[in-house]
Amino acid sequence: MAESTRRRFLRAGGIAAIWSIVPQWGCDSNSTDFREMPTAPPMDIDGEPMTEDQLPEPAITSNERFYLQSINGQNYDPNVKVENWSMAINGLADNAISNLTYADLLAMPMQRQVMTMQCIGNWIGGPLIGNAEWGGTRFADVLNLAEPAADATYVKFTSVDQYTTSIPIERAMRDNVLLVWEMNGDVLPSKHGYPIRLINPGHYGQKMPKWITRIELINENYLGYWESKPENRPYRWSNDAFATINSRVDSPLSIWDDERDPGNGGVTVTLQNIRGRAGETFLVHGVAMAGERSVERVEVSTDGGTSWNEAAIATRSSPNVWVSWVYEWALPPGGQFEIIARATDSEGDMQPMDDAGQDLYDGRTGWHHVAVNVNKNG
C-alpha cells in the first residue's frame, strides 16, 4: 500500500476525518439534517475503507439500525391497524376518555426532540442503545384532557401486548415527556411502537412503553411487567429505571459473543488485530451518555487503566443525548493492550469501574474494556 494512502487517514485526517462523518447534533430540531451524510468512506488503520460496523456511531441512529426489544422478543410486531386503534385515559380522572383516536392526537400541538434511548438490560459495551429525533405531543397536555384527580400520584400504562409499567405523575408532567408518532422524521415504525409510544427522557426504555392502549391514573406505586418479576432473575428490576452514566468503545471494534455471559464486564472475547508502524495514529472512538445530566469528559486508557488521557468530544453534551468521542492513540511498537473508556458527567460524577454491590437490575455502568493486539508493520 502506498505511504500516501496510509497517511491520508492516519495523519492528515486525524480527528477531523471522524468529525466529517459525525453530524454536530444537539437537541435543536433545526440543526443540520442528519440524513445528509457525506459519502466518502474513511480509511482504517491499513488504509482500506472501513466497513459499516467500523464507522463511528452517527449522532442519529437510523430507524433500521435502532435496537428493538419487547416482552415477546426483539422482532415482535403487533401490526396495529390505526383505524381500529384508540386509547383510553381513565382511573382517577374527572373527565375520563374512552377512545382518544390517532387523529385526535395528531391534531394536538407537535414538538420534536432528540433523545438517546437505552435498554435497561444492555450489557457493558452492548448495542441496545440508539439516538433518535422523536416527534409527538406533550404527554402532560394529553393527561390534562382527562383532568387528573388531586389524589392521582402515578400513571399506569397498558400496551397491545399486555406490557405494563408506571411512572410518577410529576415525572409524567415534565415538558419533555411526549407521546410520539414520529421517529427521525418518519411515521413511527410498527416495531418501535406505532401508532403511539411514550418518550420519557432520563429513564431506560423499560419506562417508554410502545403500542399504548390504556393510560390509567392511580394513587399507588404500581409494579409493572418487569418490575414485578424478580423471582427468576439474580437482581430485582428497578422501578425507577433512571438512565445512568456509561460509555462504550466502538473502535477498536468490540466482538459481542452471543454465547458469553454479558456479566463478564464487557471485556472483548476475541482480540482485534491492529497493524501499523510505531507512532502512527489509530483513532479510538465511541459514545457516552449521562442520563439527565450531560457528559463533561471522556477518558481513555490504552494500558488497562494504569494511565488515562482525555478524549475529544464532538459537541458539548446535552442532557439525555449521547456524545461521540475520539482519542488519537500513538501506536506502540507491538503487543497486547487493553483499551478502556470512562465518562464523567456535568456534576463531576465518574462512572464506576464495575457494578459490584448492585442489588437492582437498573442498567450496567461499568467501564468498557476492549483487548487488542498491535502487530508491527514495516
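Values in this text are rule-based calculations from the coordinates and carry no lab data. Model, not experiment: these values are computed from the prediction. Note that each Cβ is placed from the backbone with ideal geometry, even for glycine, and that neighbours are counted across all protein chains shown.
Quick rundown of the values:
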| read-out | value |
| --- | --- |
| Rounded if a/c under 1.5, otherwise prolate or oblate - the range 82-237, Cα gyration tensor axes | oblate |
| Cβ-based exposure ranking for Ser228, Ser247, Ser86, in which fewest neighbours within 10 Å come first | Ser228, Ser86, Ser247 |
| Whether the range 109-148 is rounded, prolate or oblate, judged on the alpha carbon gyration tensor where a/c under 1.5 counts as rounded | oblate |
| Relative contact order, percent, the range 82-237 [alpha-carbon distance under 8 Å, six or more residues apart] | 27 percent |
| Antiparallel DSSP beta bridges within the range 82-237, percent to nearest 5 | 90 percent |
| Using a Förster distance of 51 Å, the FRET efficiency for Lys81-Ala278 (Cβ separation, nearest 0.05) | 0.25 |
| Under-16-angstrom lysine pairs by C-alpha in the range 82-237, whenever the two are 8 or more apart or on separate chains | 4 |
| Order of Leu178, Leu283 - criterion: other Cβ atoms within 10 Å of each residue's Cβ, fewest first | Leu283, Leu178 |
